[in-house]
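Encoded as structure tokens, the structure appears first; notes follow it.
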Amino acid sequence: MEQTHCHIVVLISGAGTNLQALIDASQSSGYKISAVISNRPEVFGLQRAKQDNIHTLTIDHKSFASRDKFDQALGNAIEEINPDLIVLAGFMRILGVDFVNRFEGRILNIHPSLLPNYPGTNTHQRAIDAGDKEHGVSVHFVTADLDGGPVIAQESVPILKDDTAEALAARVLEKEHIVYPKVVSWFASGRLHMKAGKVILDHEELPDTGVNVHFQ
Ligand code: GRF
């Protein structure tokens, strides 16, 4: 009998390197990617999904009169698929409170900073400009608070002398590709959920910075 899979939908907007990491890990991580949805047509992440025979959908945000209308169409498409988990992977749209409330507790996001530091964009250059010694990645549940949902896991990298934003981003991206599949596998195996705005892993409430991903 086929192992019962946790079905996930991955939302992308671009290259999809995190999607690729999730695809590569899916065989051994207890989840199945049921569909990949992009808000932008023709992005390479859609090719990655097609190469793995994963159903793809493009819901182009430019085709909608408002953010709310886009969020409604996206939410309806996701409800049709009825996944256990929605994984934002390089997804560059801000999702409104109505969308989040529809799926709260079942949406993960990966953000290239050690939250709560540097929510928003251009995080690598901001960390360099601030003279920080380290930077990194956070995986968190999505709430209506942009990049502000409870953190599940973090992994840090050093900021090296004369680092450029590109070099630092590449170093962080390597960590992203390790962290994200691991966190998704925790959810798939029932070890991870959100309760009253807090992260619960193995029945324990996590601190605000989550766990370091080496935690098994
Ligand atoms: C990554 O840095 C991710 O943290 C951010 O979008 C960037 C591109 O992700 N959310 P991907 O290569 O499209 O997965």
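The values are calculated or read from the model by the stated rules, or taken from the named source; none is laboratory data. No experiment lies behind these values; they were computed from the predicted model shown. In this analysis, Cβ positions are derived from the backbone assuming ideal geometry, glycine residues included, and neighbour counts consider all displayed protein chains. Surface areas here come from the heavy atoms of the whole protein model, side chains and all, with no ligands, DNA or RNA. Shrake-Rupley method; radii C 1.70, N 1.55, O 1.52, S 1.80 Å.
Taking region 9-37 as the range and being of a type outside the set (V, I, T) and more than 10 Å from the ligand (Cβ to nearest atom) as the test, the residues that pass are L11, D24, A25, S26, Q27, S28, S29, G30, Y31, K32, S34, A35. Figure legend. Inter-residue proximity from region 47-67: first residues within 23 Å of N18 (Cβ to Cβ), second residues open to solvent by less than 70 Å² (accessible area, probe 1.4 Å) and among the basic types (K, R), beta-carbon distance below 8 Å, spacing 6+ or different chains. Indicated pairs: H61/R93. Of the set (1) among the aliphatic types (A, V, I, L, M); (2) farther than 23 Å from G105 by Cα; (3) at pLDDT below 95, all apply to L146 but (2). Scan region 147-189 for residues that are of a type in the set (A, V, I, L, M, F, W, C) and over 13 Å from the mean Cα position of the chain (by Cα) and the total you get is 11. Looking across V199, V184, one residue alone is open to solvent by less than 20 Å² (accessible area, probe 1.4 Å) and in a strand (DSSP E or B). It is V199. Residues of region 97-112 that are away from the ligand (no atom under 11 Å from the Cβ) and open to solvent by 20 Å² or more (accessible area, probe 1.4 Å): V97, D98, N101, R102, E104, R106. The residue pairs whose first member lies in region 9-29 and is free of Cβ contacts under 8 Å to residues at least 40 places away in the same chain, whose second member is near the ligand (Cβ under 6 Å from one of its atoms) and in a helix (DSSP H, G or I), and whose beta carbons are closer than 7 Å, counting only pairs six or more residues apart or on different chains, do not exist in this structure. There is at least one residue in region 35-58 that is buried (at least 16 other Cβ atoms within 10 Å of the Cβ) and touching a Pro at 6+ places or on another chain (Cβ under 9 Å).
Yes/no per residue for (1) charged (D, E, K, R); (2) more than 14 Å from the ligand (Cβ to nearest atom); (3) over 16 Å from the mean Cα position of the chain (by Cα); (4) closer than 20 Å to K182 by Cβ:
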{"residue": "T56", "(1), (2), (3), (4)": "no, yes, yes, no"}
{"residue": "F64", "(1), (2), (3), (4)": "no, yes, yes, no"}
{"residue": "Q72", "(1), (2), (3), (4)": "no, yes, yes, no"}
{"residue": "G75", "(1), (2), (3), (4)": "no, yes, yes, no"}
{"residue": "E80", "(1), (2), (3), (4)": "yes, yes, yes, no"}
{"residue": "D84", "(1), (2), (3), (4)": "yes, yes, no, yes"}
{"residue": "R93", "(1), (2), (3), (4)": "yes, no, no, no"}
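Out of all the residues in region 152-181, which are assigned to a helix (DSSP H, G or I) and away from the ligand (no atom under 13 Å from the Cβ)?
Taking region 152-181 and keeping what is assigned to a helix (DSSP H, G or I), we get 165-181.
Matches in region 152-181: A167 only.
If you go through region 120-136 and keep only what is part of a strand (DSSP E or B) and in contact with a His (Cβ under 7 Å, 6 or more places away or on another chain), you end up with just H135.
Is region 41-48 home to any residue that is in contact with a helix residue (DSSP H, G or I) (Cβ under 7 Å, 6 or more places away or on another chain) and assigned to a strand (DSSP E or B)?
To start, the set of residues in region 41-48 that are in contact with a helix residue (DSSP H, G or I) (Cβ under 7 Å, 6 or more places away or on another chain) comprises 45, 48.
Cutting the leftovers down to assigned to a strand (DSSP E or B) gives us none.
No: zero hits.
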